[in-house]
Amino acid sequence: MKVAVFGAKSYDRKYLDQANSEFNHELTYFDAHLNTAIAPLAKGFKAVCVFVNDEIDESCLRKLSDLGIAIIALRCAGFNNVDLGIAASLNITVVRVPEYSPHGVAEHAVALILGLNRKIYRAYNRVRENNFLLEGLLGFNLNAKTIGVIGTGKIGSVFCKIMSGFGCTVLAYDPYPNERCATYGVKYADLESLLKQSDVISLHCPLTPETYHLIDDKRLACMKPNVMLINTSRGALIDTVAVIKHLKSGKIGYLGLDVYEEEGDLFFEDVSDKILEDDIFARLLTFPNVLITGHQAFFTITALENIAMTTLSNLTDLEQGKHCLNKVSDQFIQTARKK
Ligand code: NAD
């Protein structure tokens, strides 16, 4: 199949090319992210292959449809950047990679917790300047602390397992509890109790109309003083302005982010020569107790291999008229239509 691959980085090309020896699709790579303005580049292709920050909104979808694009292959699990209702009405099939490395993302959430707690980022810089003072580096034992996990699907459940291995009490909230978590000693609770009791709160639910700004001013206010908040899911789960207010007051003791609600203009690019125009992000960077990574939780060799294999196999299934298990289901499309 002729596929236009957008937002293609060197690592995407490497792993897709490697995997493609088994599939033989005609892959053409574009550096640009797909959006309405870029859509004309898809002329002559049957499918587009995109990632988390491509903007597949109504106008982009209509352009793609006019160009004869029948398939959108997401190289990721989340699909909040695609208007699924419009895609369905245009008969454009959307496929994704629902699971590529839950361990990779869960482990990155743990890396943020440990990095923040033991102030590894500060220690690294100090030691390089021959400053071996310990003041300002004091951490706490994770053992016996209460960890609140919001969303216990593929990633959240792995995260629960790791944290119970640290000897933590793990509280979870999910409208659909995961039976596997019981074997790790996880206790389910309502959201309010979780927020009130947890020393560390980690978000592992998807971004949907219902979870947009799930962590808002009111919910931040009922958290424990000095709480650690970790988000490796989607930026807009957190109201960033509210989080800044609670960082300033000292209510939030630590913030670890791999995602940010306005990350689309920043992440995955080197903008170090440019003026940072996002004042909210700039403010976040000033706090000594905030650790931000640029959407790299997924970024492991295992994940890139799995993403490439599943993406190309999804395209082959559709090309051969087979049922593709990774088609974004009708259930999700109905949810999107209700938006
Ligand atoms: P999943 O679908 O397996 O699990 C999500 C869980 O969230 C489900 O159990 C669901 O019931 C639960 N959920 C839904 N609404 C909820 C709510 N309102 N409150 C609490 N729980 C709710 O998804 P997953 O593979 O575990 O991925 C979770 C999220 O992680 C994805 O949606 C994606 O946004 C994010 N992600 C980030 C990266 C990264 O690199 N940072 C990589 C992969 C995935």
Express the C-alpha Rg of the chain as a ratio against the empirical globular expectation 2.2 N^0.38 Å, rounded to two decimals.
1.04
Geometric extent, Cα atoms of the range 102-292 - Rg, Dmax (angstrom):
16.5, 51
In whole angstrom, how long is each semi-axis of the equivalent ellipsoid of the range 78-117, when you take the square root of 5 times every eigenvalue of its Cα gyration tensor and sort them from largest down?
34, 11, 4
Taking a threshold of 32 Å on the Cα-Cα distance, which of the pairs LYS2/LYS274; LYS245/LYS327; LYS196/LYS274; LYS14/LYS245; LYS154/LYS196; LYS9/LYS322 fall above it?
LYS2/LYS274; LYS245/LYS327; LYS196/LYS274; LYS14/LYS245
Charge dipole (the range 218-317, unit charges on Cβ, about Cα centre) - positive-most of SER249, LEU266, THR310:
SER249
Restricting to Cα pairs under 8 Å and 6 or more apart, the percent relative contact order of the chain works out to 18
Positive-pole candidate from THR169, ALA109, LEU214, dipole of the range 102-292, charges at beta carbon
THR169
With +1 on the Cβ of every Lys and Arg and -1 on the Cβ of every Asp and Glu, and nothing else charged, how large is the dipole of the range 102-292 about its Cα centre, in debye rounded to the nearest 20?
1000
Ranked packing of 286-292, 102-108, most packed first, by mean Cβ within 10 Å
102-108, 286-292
Subtracting the Cα-Cα distance from 0.36 nm times the residue separation, let me have the gained length for GLU179 to TYR124 in nm, one decimal.
15.8 nm
Using the Cα centre as the reference, give the magnitude of the dipole from point charges on the C-beta atoms of the chain (Lys, Arg: +1; Asp, Glu: -1; all else neutral), rounded to the nearest 20 debye.
840
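Just so you know, all these numbers are worked out from the coordinates, no wet-lab data involved. As the structure is a computational prediction, the values presented were derived from the model and not from experiment. Using ideal geometry, Cβ is built from the backbone for each residue, glycine included, and neighbour counts are taken over all protein chains shown.
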